[in-house]
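Structure first, commentary second.
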Amino acid sequence: MDVAIVKYNAGNIYSVVNALRRLGVEPLLTDDAEQLQRADRVLFPGQGEARGAMEYLKARRLDDVIRSLRQPVLGICVGQQLLCRHSEEGDVDCIGIFDADVKRFQPQRHEDKVPCMGWNAIDVRCKTEDVKCRLFDGLQPSAIAPQPYVYFVHSYYVPLCADTAAVADYILPYSAAMHRDNFYACQFHPEKSGTVGEKIIKNFLDIKE
């Protein structure tokens, strides 16, 4: 399987590379349109600032390339936010796969800290039994299994919307993961989320198109 990672001016790329290597996958880190379009899977991770990231992507027309992809694509952290319509961070229009706007957390109590940083539970949501996010296969909670916990670091969030695939609660409920057609996204860092995160990445690699 050919797995590509979108190369742009964002941090956290190499922790994703290492997570894939632990699963026996040697990814290609590239900003070449043909290589991205030819890959079996594309990951779009990152930590950073939305406006600067979008300026970099647009200058290289990578935003158009990402919109054109038809294989499974996984956005991670800022990658999820950049797949949305607009971000308050830098007041910038983004790629627009998900019909949602990215908002900044507004603390309501003294103990509310921004950025949100640390482990939190997620509530996996299925739109219907026939349409569910394959990222969480084998992770749905039951009467005997707790909710999965994953690792977050972020100051901005995506509100709940039609594309929400999992929910986290920090200050307010928000989209911990999203799914539309061949596009998947996580606000959390699966590459830093232990065995649960490893399972999520493996599920992404195993998605049947």
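The values are calculated or read from the model by the stated rules, or taken from the named source; none is laboratory data. Here the structure is a predicted model, which is why all the values come from computation and not from measurement. Please note: Cβ atoms are built from the backbone with ideal geometry, for glycine as well, and neighbour counts cover all protein chains shown. We work out accessible area using only protein heavy atoms, side chains counted, and drop any ligands, DNA or RNA first. Shrake-Rupley method; radii C 1.70, N 1.55, O 1.52, S 1.80 Å.
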Quick shape check on the range 63-209: root eigenvalues a ≥ b ≥ c of the Cα gyration tensor, a/c under 1.5 is rounded, otherwise prolate if a/b tops b/c, else oblate, and it reads oblate
Taking a ≥ b ≥ c as the square roots of the Cα gyration tensor eigenvalues, with a/c under 1.5 meaning rounded and otherwise prolate when a/b beats b/c or oblate if not, the range 148-209 comes out oblate
Run through every distinct alpha carbon pair of the range 10-100 and return the Kirkwood hydrodynamic radius in angstroms, one decimal place. 13.5 Å
Mind ranking D206, D2 by accessible surface for me, highest first, 1.4 Å probe? D2, D206
Asserting the computed 222 nm helical MRE of the chain (DSSP H runs at least 4 long, -39500 (n - 2.57) per run, divided by residue count, to nearest 500) equals -6500 deg cm²/dmol
Mind checking which of D123, D63, D91 has the largest fluctuation in a GNM of the chain, springs on alpha carbons under 10 Å? D91
How would you rank 169-179, 75-85, highest first, on the average number of other Cβ atoms within 10 Å across their residues? 75-85, 169-179
Compute the relative contact order of the chain as a whole-number percentage, counting only Cα pairs closer than 8 Å that sit 6 or more residues apart in sequence. 19 percent
When all protein chains stay in place, what accessible area (Å², nearest 10, 1.4 Å probe) is found for T195? 120 Å²
How much of the accessible area of the chain, in percent, comes from carbon and sulfur atoms when a 1.4 Å probe is used? 47 percent
Solvent-accessible heavy-atom area per residue, rounded to whole Å², over the chain at 1.4 Å: 46 Å²
With labels modelled as points extended 7 Å from the Cα through the Cβ direction, what inter-label distance (nm, one decimal) is found for D93 paired with Q108? 3.3 nm
